[in-house]
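**Student:** First the structure, which I've put down as structure tokens, then a few questions once you've had a look.
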Amino acid sequence: MEPISLKKQLKKMEADWDQRARENARHYVDTARQEWTDEEFFRSGRQTVEEEILTDMTNICQGRDPKQMKVLEIGCGAGRVTRALADVFGEVHGVDVSKKMIRLARRALADRPNAHFYKNNGMDLAVVPDIQFDFAFSIIVFQHIPSLGIIENYIREVHRLLRPGALFKFQVQGCATIESTPDDTWLGVAITDQLAVEMALRCGFEPRYRHGAGEQYFWLWYFNKA
């Protein structure tokens, strides 16, 4: 197979996720169901926040009042998790490569004035206000990205926007048996434990905790060393 250029990868990511949003946005955000009611969809987001955020507030808040914190979400999709984050934190800023997903998220969270959404290019955070964030989060996003370079660029960008000491908690694809290709925007590239450590250090983070190496849900706790 001929190597695919970065430009083509990003265009394909955007096109594929726009198409998924047209077909069945909520299913592709969370494949547990084909059809979701509003209540079921956003309840699943609350469950994610209960399991991954509220159980980890010591690392996330570090003594800060969550209502005074600014949070960055990478790959917000149709706002499934963003809505629950906006109920916990003072401000939530979400980005997504799909303009159609962003449109759905804005519509669904119109009653959450502290939630802000941006359509980005799939690899950097130039569209996000250059403010100092207190926490960054991502789930079921990096596991779809076909390029280590794109993932690492995201990590560098998060480092740029996070305050010193702040946490970036995110999930990647850890299953090395997954066979992905550079143009596959569903089965993304796998990340080993060693690679997770190396990427953190290259990007200015301390990889303090890791859980689920070798599994689909490989969780990483990167603390900004700046």
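Bear in mind that the values in this text are calculations on the coordinates, not laboratory data. Quick caveat, the model's predicted, so the values are computed rather than measured. Please note: Cβ atoms are built from the backbone with ideal geometry, for glycine as well, and neighbour counts cover all protein chains shown.
**Student:** Among the residues of the range 197-213, write down those that are surrounded by fewer than 20 Cβ atoms within 10 Å (Cβ to Cβ) and not in a loop (DSSP other than H, G, I, E, B).
**Tutor:** Correct list: VAL197, GLU198, LEU201, ARG202, GLU206, PRO207, ARG208, TYR209, ARG210, HIS211.
**Student:** Considering only the range 1-35, state which residues are touching a Ser or Thr at 6+ places or on another chain (Cβ under 8 Å) and either loosely packed, with under 14 Cβ neighbours inside 10 Å or of a type in the set (A, V, I, L, M, F, W, C) (or both). Show your work before the answer.
**Tutor:** Within the range 1-35, the subset touching a Ser or Thr at 6+ places or on another chain (Cβ under 8 Å) is 1, 6, 9, 12-14, 16-18, 20-21, 30, 32.
If the condition is that a residue be touching a Ser or Thr at 6+ places or on another chain (Cβ under 8 Å) and either loosely packed, with under 14 Cβ neighbours inside 10 Å or of a type in the set (A, V, I, L, M, F, W, C) (or both), then MET1, LEU6, MET13, TRP17, ALA21, ALA32 are the ones that fit.
**Student:** A further question follows. Return a yes/no flag: does the range 157-172 have any residue that is out of contact with any Lys or Arg (no Cβ under 6 Å at 6 or more places or on another chain), surrounded by fewer than 20 Cβ atoms within 10 Å (Cβ to Cβ) and more than 27 Å from GLN68 (Cα to Cα).
**Tutor:** No: zero hits.
**Student:** May I ask you to list pairs of residues, at least six apart or on different chains, whose Cβ atoms are under 6 Å apart, with the first in the range 125-141 being at negative phi and the second being in a strand (DSSP E or B) and among the acidic types (Asp, Glu)?
**Tutor:** Close Cβ pairs satisfying both conditions: PHE137/GLU73.
**Student:** Another one. Conditions: (1) within 19 Å of PHE170 (Cβ to Cβ); (2) touching a strand residue (DSSP E or B) at 6+ places or on another chain (Cβ under 6 Å). LYS99 meets all but one. Number of the miss?
**Tutor:** (1)
**Student:** Give the residues of the range 54-82 that are in a helix (DSSP H, G or I), of a type outside the set (Val, Ile, Thr) and surrounded by 24 or more Cβ atoms within 10 Å (Cβ to Cβ), sorted by residue number.
**Tutor:** Result: ARG80, single match.
**Student:** Right, here's the next one. ILE4 versus (1) within 16 Å of ILE140 (Cα to Cα); (2) in contact with an Asp or Glu (Cβ under 6 Å, 6 or more places away or on another chain): which is the lone unmet condition?
**Tutor:** Tallying (1) within 16 Å of ILE140 (Cα to Cα); (2) in contact with an Asp or Glu (Cβ under 6 Å, 6 or more places away or on another chain), ILE4 fails exactly one: (1).
**Student:** Quick check on the range 2-20. Is at least one of its residues part of a loop (DSSP other than H, G, I, E, B), more than 26 Å from ASN224 (Cβ to Cβ), more than 16 Å from the chain's Cα centre (by Cα) and touching a residue at least 24 places away in the same chain (Cβ under 8 Å)?
**Tutor:** yes
**Student:** Assess whether ILE155 counts as being in a helix (DSSP H, G or I) and within 13 Å of the chain's Cα centre (by Cα).
**Tutor:** yes
**Student:** Out of (1) surrounded by 19 or more Cβ atoms within 10 Å (Cβ to Cβ); (2) among the polar types (S, T, N, Q); (3) touching a residue at least 40 places away in the same chain (Cβ under 8 Å), what's the single condition that is false for ASN120?
**Tutor:** It is condition (3) that ASN120 fails.
**Student:** Something else now. Any idea which residue in the range 21-32 is farthest from ALA105 (Cα to Cα), counting only those that are over 19 Å from the mean Cα position of the chain (by Cα) and free of Cβ contacts under 8 Å to residues at least 60 places away in the same chain? Walk me through it before giving the result.
**Tutor:** If we filter the range 21-32 for residues that are over 19 Å from the mean Cα position of the chain (by Cα), which is where we start, we get 22-24.
Then drop every residue that is not free of Cβ contacts under 8 Å to residues at least 60 places away in the same chain, which leaves 23-24.
Values: GLU23: 16, ASN24: 14 Å.
Per the stated criteria, the residue is GLU23.
Yes/no per residue for (1) in a helix (DSSP H, G or I); (2) within 21 Å of GLY90 (Cα to Cα); (3) touching a Leu at 6+ places or on another chain (Cβ under 6 Å); (4) not aromatic (Phe, Trp, Tyr):
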{"position": "HIS159", "(1), (2), (3), (4)": "yes, yes, no, yes"}
{"position": "VAL189", "(1), (2), (3), (4)": "no, no, yes, yes"}
{"position": "GLN194", "(1), (2), (3), (4)": "yes, no, no, yes"}
{"position": "GLU215", "(1), (2), (3), (4)": "no, no, no, yes"}
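**Student:** When only residues in the range 33-74 that are of a type in the set (Val, Ile, Thr) and free of Cβ contacts under 8 Å to residues at least 60 places away in the same chain count, which is farthest from LYS169 (Cα to Cα)?
**Tutor:** By that ranking, first place goes to THR37.
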